[in-house]
Amino acid sequence: MSMDPPPAPKPFDSSDRADHVIITSDGTILYVVKALLIYASPFFANLLGDSSPDETYENLPVYRSSEDCRTMCAVLRLCYPVDTAPSEISVDVAVLEALQKYMMEDAQERWKKTIVFLDLAKTQPLRIFAIACRCRWSDIARAAAKAVLSIPLRNWQTSEELRNITGMDYHVLVRYYTQCSDAVEEAFSSPDGAKLAIPLRSSDDVTILASSMKKSSDRAYLFCCCQDGSNKGPALSSAHVPSWVHRLVENARDRSGSCPGRAVQCDESLVVAALDAGKNSRDPVQASDVLKVCKMIDNGVQAAINKVDIELAF
């Protein structure tokens, strides 16, 4: 038994102002304005300009689309001068291929703004990196690549978008991930690599760290790898800190090897372990102290990552 086609959403469900019909691959009938399609797309300008229709529906010329209703509606919304909620516009490889097929450059730019508005480079970084590579959007590709650093390499999920990028683009992403992992590992190490260091954004943070922890009697010396100036390389100092800080930094370093970009303050297990270590010391630690150090570590890690530039292939 055949299924009924999906109903046409507004404003494509009425023939009142339409002078053309698009029938999608899944059978939905969309009423459209030909002038808007011609203005937005050289493809439609050539197809619909002066040609006689091969098919009509309700006395209106018909174009049969190879795209389904969801994809075609997303494309049309990007062309129409109407307010459209970003959530109503699909972001996937089918929409991308349709926009490229119909040569809709302005619509593709509006689609890009939708991706930026929805902050998809952070929430769906692998998919958006792949789309950005296809579209040659270097700014979005860089933002998405940085967000990928918060996902362990073993947990990367494939997608239709990722399957359609080149091997070179995928290689660039993996190499960037590896280089950032190396940079973060270096930030957690003393110059000879033999001792643990806390990554800090600047030398000012060393003073803040030492002074804010000076009340504790259970203390340990900790190297401080400060990301002061990419030309001079990291500066190294030291701070006399509580032992729980040393434990927190040690755990953060171990975790960073598999996930260099994930914020320490967002990792509940690291925060709880630091609090537990503080309970066993002579001076109980406060959660606010742990979160303060977590933030300093995160800032130092991000400073180290920011020195690594992804070498895009476009």
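The values are calculated or read from the model by the stated rules, or taken from the named source; none is laboratory data. The structure presented is a predicted model; accordingly, all values stated were derived computationally and were not measured. Ideal geometry is used to build each Cβ from the backbone, glycine not excepted, and the neighbour counts take in all protein chains shown. Accessible surface is based on the protein model in full, side chains and every heavy atom, while ligands, DNA and RNA are left aside. Shrake-Rupley method; radii C 1.70, N 1.55, O 1.52, S 1.80 Å.
Might you let me know whether the stretch 93-116 holds any residue that is open to solvent by less than 30 Å² (accessible area, probe 1.4 Å), touching a Ser or Thr at 6+ places or on another chain (Cβ under 7 Å), without any contact (Cβ under 8 Å) to a residue 24 or more places away in the chain and not in a helix (DSSP H, G or I)?
No.
Out of the residues in the stretch 35-67 that are touching a Pro at 6+ places or on another chain (Cβ under 8 Å) and touching a residue at least 24 places away in the same chain (Cβ under 8 Å), state the one that is most open to solvent (accessible area, probe 1.4 Å).
Here is the first cut: in the stretch 35-67, the ones touching a Pro at 6+ places or on another chain (Cβ under 8 Å) are 36, 48, 53, 55, 61-62.
Still in the running and touching a residue at least 24 places away in the same chain (Cβ under 8 Å): 36, 48, 61-62.
Numbers: 36: 50, 48: 15, 61: 34, 62: 22 Å².
The qualifying residue most open to solvent (accessible area, probe 1.4 Å) is 36.
For residues that are at pLDDT below 65 and in contact with a His (Cβ under 8 Å, 6 or more places away or on another chain), tally how many sit in the stretch 221-238.
0
Pull up the stretch 68-92, narrow it to residues that are out of contact with any Ser or Thr (no Cβ under 9 Å at 6 or more places or on another chain), of a type in the set (A, V, I, L, M, F, W, C) and modelled with pLDDT under 95, then point me to the one that is least open to solvent (accessible area, probe 1.4 Å).
85
Within the stretch 31-47, how many residues are small (Gly, Ala, Ser), under 33 Å from the mean Cα position of the chain (by Cα) and in a helix (DSSP H, G or I)? Please lay out each step first, then the result.
Restricting attention to the stretch 31-47, the residues satisfying the condition of being small (Gly, Ala, Ser) are 35, 40-41, 45.
Filter again for under 33 Å from the mean Cα position of the chain (by Cα), leaving 40-41.
Keeping just the survivors that are in a helix (DSSP H, G or I) gives 40.
Number of matching residues: 1.
Pick from 31, 39: which is aromatic (Phe, Trp, Tyr) and over 17 Å from residue 110 (Cβ atoms)? Give the steps one after another, and end with the answer.
Working: 39 fails: over 17 Å from residue 110 (Cβ atoms).
After ruling out the rest, the residue left standing is 31.
State whether one or more residues within the stretch 3-19 are open to solvent by less than 30 Å² (accessible area, probe 1.4 Å) and in a helix (DSSP H, G or I). If you could, list the steps in order and put the result at the bottom.
Of the residues in the stretch 3-19, the ones open to solvent by less than 30 Å² (accessible area, probe 1.4 Å) are 8, 12, 18.
Among the residues that remain, those that are also in a helix (DSSP H, G or I) are: none.
Within the stretch 3-19, none of the residues are open to solvent by less than 30 Å² (accessible area, probe 1.4 Å) and in a helix (DSSP H, G or I).
Check off (1) touching an Asp or Glu at 6+ places or on another chain (Cβ under 7 Å); (2) open to solvent by 20 Å² or more (accessible area, probe 1.4 Å) for residue 133 and give me the number that stays unchecked.
Condition not satisfied by residue 133: (2).
Restricting to the stretch 255-314, name every residue that is within 14 Å of residue 183 (Cα to Cα), in a helix (DSSP H, G or I) and of a type in the set (Gly, Ala, Ser).
Within the stretch 255-314, 256, 300, 303, 304 meet the criteria.
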